[in-house]
Structure formats: structure tokens, C-alpha cells
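Notes follow once the structure below has been shown.
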Amino acid sequence: SIDSNHLVSTGVIGSGQCGASGPEYEALHALAAVDVCSFHDYSAAQPMPGDVFNGLQLRLTQCGGLNKPLIVGEMGRRPQTAGGTIATRAAIFGAQFAAQYGAGVDGILLWGWRNADEGGSARLDYDIGPGDPALVHVRAY
């Protein structure tokens with residue numbers, strides 16, 4: 001009611017946390033004040049993360065029933081645990097973008113951005129910087 005020009009999301013992770021597990025997730029996102037469903041994906045490399053009780057596919061079904069879009073508000077991988085290189089991480093992101101957008105996800109944000117003067121992409125953390133090969137996938141969608 002304060003600002004009708006911006007969408008509201010709960011920002012919940014969506015993978016079974018207390019208060020937003022199973023059917024609680026749907027009830028929370030059914031609130032009239034919530035415009036967009038949310039999910040966070042830090043899975044090892046699963047194209048569609050989670051399980052039948054709290055996975056992304058269930059969240060898509062729940063949000064579809066509510067007629068609300070779902071965004072993956074955080075997607076992150078450390079290159080060291082995604083094959084060891086920034087290029088391998090980018091390939092995993094590519095497969096996940098294809099699977100998740102193909103399943104009905106409406107938007108994905110990579111976590112997080114680091115400017116070149118701050119070191120850009122690094123092998124040991126989640127950060128994406130200028131020239132990172134993962135950006136190709138962001139631009140493709």
C-alpha cells in the first residue's frame with residue numbers, strides 16, 4: 001500500500017525452512033500483499049533442486065496455482081565445489097538456467113556481484129564479476 005509500483009516478495013529460501021515448509025510455503029505466498037514467489041538455489045548442481053516435499057518443482061506448482069510468478073532470487077555456486085573452475089561453474093549455471101526456465105521459473109538472479117576493482121570472480125566464493133562466463137547465460141534469458 002505504500003508503493004504500488006514495486007512488487008513484494010517474501011524472500012524465503014523455499015526449500016523447507018521453518019514456517020515455509022510444504023503447504024506453509026503456499027499459504028505464505030497466497031497472502032494478497034505478496035506479488036512474487038521466491039526460491040533460493042545453492043544446490044550442488046541439480047538442474048531442479050530439492051525434493052518432492054520442498055523442491056523447486058513443487059514451488060512452481062504451488063505458485064502456478066496462485067497465479068503468481070516465481071523467481072530464483074539467489075542462485076550461487078563456489079567454483080571450487082562446482083568442478084573447480086569458473087568455466088565449469090558457468091556450464092552448471094547454463095544447465096540450471098535451461099532446466100529452471102524450461103520448467104516455468106520467471107527470473108533468476110546470480111549471487112552475488114563483485115566489481116573488477118574488488119577482485120571480480122573468484123574461485124573460492126560465490127561472487128560473479130565482469131567477464132565471468134556465467135554472464136552469457138544471464139544474457140541468454
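The values are calculated or read from the model by the stated rules, or taken from the named source; none is laboratory data. The model shown is predicted, which means the values in this text are computed figures rather than measured ones. Cβ sites come from the backbone with ideal geometry, for glycine too, and all protein chains shown count toward neighbours. SASA here: full protein model, heavy atoms, side chains in, ligands and nucleic acids out. Shrake-Rupley method; radii C 1.70, N 1.55, O 1.52, S 1.80 Å.
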Check your understanding: With respect to Tyr141, is the statement that it is exposed (fewer than 14 other Cβ atoms within 10 Å of the Cβ), at negative phi and in contact with a strand residue (DSSP E or B) (Cβ under 8 Å, 6 or more places away or on another chain) true?
Key -> yes
Exercise for review: Could you tell me whether Cys63 is part of a strand (DSSP E or B), crowded, with 17+ Cβ neighbours inside 10 Å and without any contact (Cβ under 8 Å) to a residue 60 or more places away in the chain?
Suggested key: no
**Study point:** Filter result for the condition that a residue is in a loop (DSSP other than H, G, I, E, B), in contact (Cβ under 8 Å) with a residue 24 or more places away in the chain and not acidic (Asp, Glu), over Ser21, Ser4
**Key:** Ser21
Exercise for review: Please verify whether the range 32-49 includes one or more residues that are farther than 22 Å from Thr81 by Cβ, at pLDDT 95 or above, over 16 Å from the mean Cα position of the chain (by Cα) and part of a helix (DSSP H, G or I).
Suggested key: no
Study note, to complete from the structure: In the range 11-54, anything open to solvent by less than 50 Å² (accessible area, probe 1.4 Å) and among the β-branched types (Val, Ile, Thr) is listed as Val12, Val34, Val36
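Applying the selection to the range 82-95, what residues are at pLDDT 90 or above and either open to solvent by 50 Å² or more (accessible area, probe 1.4 Å) or over 18 Å from Ile71 (Cβ atoms) (or both)? Before the answer, list the steps.
Start the filter on the range 82-95 by keeping residues that are at pLDDT 90 or above, which leaves 85-95.
Within the range 82-95, Thr85, Ile86, Ala87, Thr88, Arg89, Ala90, Ala91, Ile92, Gly94, Ala95 meet the criteria.
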Review point. If you go through the range 96-132, how many residues are touching a residue at least 24 places away in the same chain (Cβ under 8 Å), open to solvent by 50 Å² or more (accessible area, probe 1.4 Å) and charged (D, E, K, R)?
Key: 2
